[in-house]
Ligand code: GAR
């Protein structure tokens with residue numbers, strides 16, 4: 001059984017998709033949020049999942065917060081750390097600690113549009129496709145080895161909200177599938193490439 005710790009900052013719809021997928025061989029050991037009021041925390045607690053609120057504002061530095069976060073993750077013996085809308089820049093010490101066993105989902109077709117406001121930037125750039133990427137986390141923001149991607153069209157009348165909703169539906173399929181592939185030991189990292197045994 002692989003222990004999964006999921007980190008969120010808000011509503012946690014990707015976390016819900018992963019929990020609801022009921023991945024064989026995986027146990028959701030805990031859900032941790034840096035925002036105590038995150039809606040996703042209450043959702044997880046209602047389902048009997050261990051939850052931890054670690055308010056980043058209570059820590060004097062990014063390093064101190066990441067240290068406390070690592071402590072909380074390790075207390076649940078995480079085999080895999082899943083960032084699901086976790087809106088924090090992580091220190092190199094933290095990313096190194098979980099290298100090869102920490103996944104993130106990002107709402108763009110990386111390496112295009114790392115950072116914030118991805119859908120708005122895709123629309124303004126005239127892109128005909130938007131999408132999402134699941135990748136292993138490295139010290140460089142939104143840049144690690146890519147596990148999987150899904151693309152959706154950007155239509156003439158689209159707004160940030162309509163693109164976001166279309167992409168989110170894909171996120172909810174892509175992320176549980178990637179977590180499942182990790183749990184089943186089917187992902188092999190080779191530089192920036194990830195090979196998935198089918
Ligand atoms: C998702 O769209 C995810 O891709 C994005 O935040 C949203 C979280 O939604 N993540 C990032 O922007 C990470 N930089 P959720 O809380 O409902 O899963």
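No lab work stands behind these numbers, since they all come straight from the coordinates. Only a predicted model underlies this, so the values are computations on that prediction, with no experimental measurement involved. Cβ: placed from backbone, ideal geometry, glycine included. Neighbour counts: every protein chain shown.
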Give me the three principal axis extents of the range 55-195 from the C-alpha atoms, as integers in angstrom, largest value leading. 48, 37, 24
Expressed in nm to one decimal, what extension gain is obtained for the pair residue 197 and residue 89 from 0.36 nm per residue of sequence separation less their Cα-Cα distance? 35.8 nm
The helix 160-183 Cα axis meets the longest alpha-carbon principal axis of the chain at an angle in degrees, between 0 and 90 and rounded to 10, of 50
Return the percentage of antiparallel bridges among DSSP beta bridges fully within the chain, rounded to the nearest 5 %. 45
Classify the range 1-46: rounded, prolate or oblate, from the alpha-carbon gyration tensor (a ≥ b ≥ c, eigenvalue square roots; a/c under 1.5 rounded; otherwise prolate if a/b is larger than b/c)? prolate
Sort 127, 132 by Cβ crowding within 10 Å, fewest neighbours at the top. 127, 132
Taking a crude spin-label model, label points 7 Å out from Cα along the C-beta direction, the residue 140 to residue 101 distance in nm is 2.5
The range 23-86 shape via C-alpha gyration tensor axes, a/c threshold 1.5: oblate
Going by Cα centres, the range 130-172 and the range 1-62 are how many Å apart? 21
Sorted by Cβ density within 10 Å, fewest first, the residues 156, 55: 156, 55
Full-extension gain between residue 165 and residue 39, please, as 0.36 nm times their residue separation minus the C-alpha to C-alpha distance. 43.5 nm
Which of 48, 85, 22 moves most in a GNM of the chain, Cα contacts under 10 Å? 48
CD proxy at 222 nm, helix term only [per DSSP H run n ≥ 4: -39500 (n - 2.57); per residue of the chain; nearest 500]: -10500 deg cm²/dmol
Which length gain, in nm to one decimal place, applies between residue 116 and residue 27 when the Cα-Cα distance is subtracted from 0.36 nm times their residue separation? 29.0 nm
How much FRET efficiency would the formula 1/(1 + (r/R0)^6) give for residue 186 and residue 20, where r is the Cβ-Cβ distance and R0 is 22 Å, rounded to 0.05? 0.55
Final fewest-first order of 175, 59, 117, 98 on the 10 Å Cβ neighbour count is 117, 59, 98, 175
Let me have the relative contact order for the chain, percent, based on Cα pairs under 8 Å that are six or more residues apart. 19
How big, on average over all directions, is the shadow cast by the Cα convex hull of the range 66-108, in nm²? 3.2
